[in-house]
1. How do PHE4, PHE144 rank by accessible surface area computed with a 1.4 Å probe, from largest to smallest?
2. Through the Karplus equation 6.51 cos²θ - 1.76 cosθ + 1.60, θ set to phi - 60°, convert the phi angles of the range 73-90 into ³J(HN,Hα) values in whole Hz; use x for Gly and Pro.
3. By accessible area of protein heavy atoms, probe 1.4 Å, what ranking do HIS36, HIS8 get, highest first?
4. Can you list residues from other chains, or at least 5 along the same chain, whose modelled amide H is less than 5 Å from the amide H of SER65?
5. Jot down the radius of gyration and Dmax of the range 38-89, Cα atoms only, both in angstrom.
6. Given a 1.4 Å probe and the protein chains all in place, what does the accessible area of LYS156 round to, in Å² to the nearest 10?
7. Sort LEU158, LEU25 by heavy-atom solvent-accessible area, probe 1.4 angstrom, most to least.
8. Under 5 Å between amide H atoms, partner at least 5 residues away or on a different chain: which partners does ILE102 have, H built in plane at 1.01 Å?
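The values are calculated or read from the model by the stated rules, or taken from the named source; none is laboratory data. What you are looking at is a predicted structure, and each value in this text was computed from that prediction instead of being measured. Because the Cβ atoms are built from the backbone with ideal geometry, glycine has one as well, and the counts that use them run over all protein chains shown. With ligands, DNA and RNA removed, areas are computed over all heavy atoms of the protein, side chains included. Shrake-Rupley method; radii C 1.70, N 1.55, O 1.52, S 1.80 Å.
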Amino acid sequence: MKAFGKVHKYGDNVDTDVIIPARYLNSADPKELAQHCMEDIDKDFVNNVKEGDIMVAVQNFGCGSSREHAPLSIKASGISCVIASTFARIFYRNAINIGLPILECAEAAENIENGDEVEVDFDTGVITNKTKNQTYKAQPFPDFMKDIINAGGLLKSLKK
């Protein structure tokens, strides 16, 4: 399984209130949530994101509340993968539960820049920055997590 896309880069401590502002939590519709994803930190994100693009941040991505709306809005926006140095634990779990691939790789998070084109091989954990011709190595997903992500999330995986 691979992902390829343009990078949307953010810094440290991007919390769930920035990913999807609380004022939109009255909806669980992924398409509606996607229309407001990242708007408090990047008003142009929804206009610039394309299907398959990749989000990169630095430390503690997804901190804050435990709401599942945050990874859901990212996935529904078209983002195929999130790369960060570290993730908040509950965000990590929620992302996998809804089938959003996320990888921890400090070197990639530090060196990849906004607008770079990046390819991710989920089977090997290799992240290739095509723009800079650099590669980084993240820990690949264990098989059980690959199964959950490939199924589209934990509930869909269990139904199989």
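1. Numbers: PHE4 100, PHE144 130 Å².
Sorted descending by solvent-accessible area, the residues read PHE144, PHE4.
2. 5, 5, 4, 5, 6, x, 5, 9, 6, 10, 10, 8, 5, 8, 10, 5, 4, 5
3. Working: HIS36 40, HIS8 10 Å².
Reading off the accessible areas and sorting them downward yields HIS36, HIS8.
4. Amide H neighbours of SER65, under 5 Å, 5+ apart: THR16, ASP17.
5. 10.9, 29
6. It works out to around 120 Å².
7. Working: LEU158 125, LEU25 50 Å².
Highest to lowest solvent-accessible surface, that is LEU158, LEU25.
8. VAL82
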